[in-house]
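A short worksheet on the structure shown next.
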Amino acid sequence: MSAEVRFTVTRTLTKDQQARRERLIDAAWTLAVEGGYPAVTMHDVADRAGVARATVYRYFATKDHLLTEVAATWAHRVTDDIDALAVGDTPVERLTALLERIVRVAADNVTLTSAIIQAVTADDSSVDDSRNVVFLFLRDRLSAAIGDPVPQREDVEIVLGHVLLAALVSVASLHRPADEVAAIVRTSGRLVLAGALAAGERPAEANGTGGL
């Protein structure tokens, strides 16, 4: 195995550096669970991880950058076993099962979810790359849940990504009940896929050539 591991889109870290970076992410995760967004400070993250404060800034430009990496770790953990989570015989069943799973995990720890949502949606250029990685990863997980070929697949993934983000905001920031939000994502997933499949069955009409 190589002595270096690709960890972000912009840096290559040695194993020791990666371990230190992951320790910082774990510390930020714990602080976010304990006290939400306000509890995560670079000073407290450094203390919790047992490193100098300057070390934190070697890996993360800002608090929001750090918490966006926490969001990436959260997304991987929540969707790690895609085959077990996306249960169903049809694309709709598999997709809606995964969407509901994500919503319910988010609702189980609203304090953490609120912290990472606040960071991911921050107007902070330091989170741009990490945010894109998180969004693309979740789109990939949703696509894997669908499985079967779907017309306009990229558009479907983008729309579903926005549906999921709105659902997480509803749970974390608007404090909507988990059952309500789970029902909304199930309905949204079903309608988005149904619309895409229906559009794929009407190529002539879509091109304005039907009936000629």
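The values are calculated or read from the model by the stated rules, or taken from the named source; none is laboratory data. Treat the numbers as computed from the prediction; the structure is a model and nothing was measured. Virtual Cβ from ideal backbone geometry, glycine too; neighbours counted across all protein chains shown. Surface areas here come from the heavy atoms of the whole protein model, side chains and all, with no ligands, DNA or RNA. Shrake-Rupley method; radii C 1.70, N 1.55, O 1.52, S 1.80 Å.
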Within the set of pairs 6 or more residues apart or between chains, which connect a residue that is closer than 21 Å to VAL134 by Cβ inside region 1-22 to a residue that is at pLDDT 85 or above and open to solvent by 60 Å² or more (accessible area, probe 1.4 Å) with Cβ atoms less than 6 Å apart? VAL9/ASP129
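Go through the residues of region 169-189 one by one and say whether even a single one is open to solvent by less than 50 Å² (accessible area, probe 1.4 Å) and not in a helix (DSSP H, G or I).
The answer is no, given that none of the residues of region 169-189 is open to solvent by less than 50 Å² (accessible area, probe 1.4 Å) and not in a helix (DSSP H, G or I).
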Of those in region 134-152 that are free of Cβ contacts under 8 Å to residues at least 24 places away in the same chain and not polar (S, T, N, Q), the residue most open to solvent (accessible area, probe 1.4 Å) is PRO149
Which of (1) at pLDDT below 95; (2) closer than 18 Å to ALA115 by Cβ; (3) hydroxyl-bearing (Ser, Thr, Tyr) is the odd one out, the single condition THR12 does not satisfy? (2)
From the options ALA71, ALA107, ALA115, ALA84, residue that is assigned to a helix (DSSP H, G or I), surrounded by fewer than 16 Cβ atoms within 10 Å (Cβ to Cβ) and small (Gly, Ala, Ser): ALA84
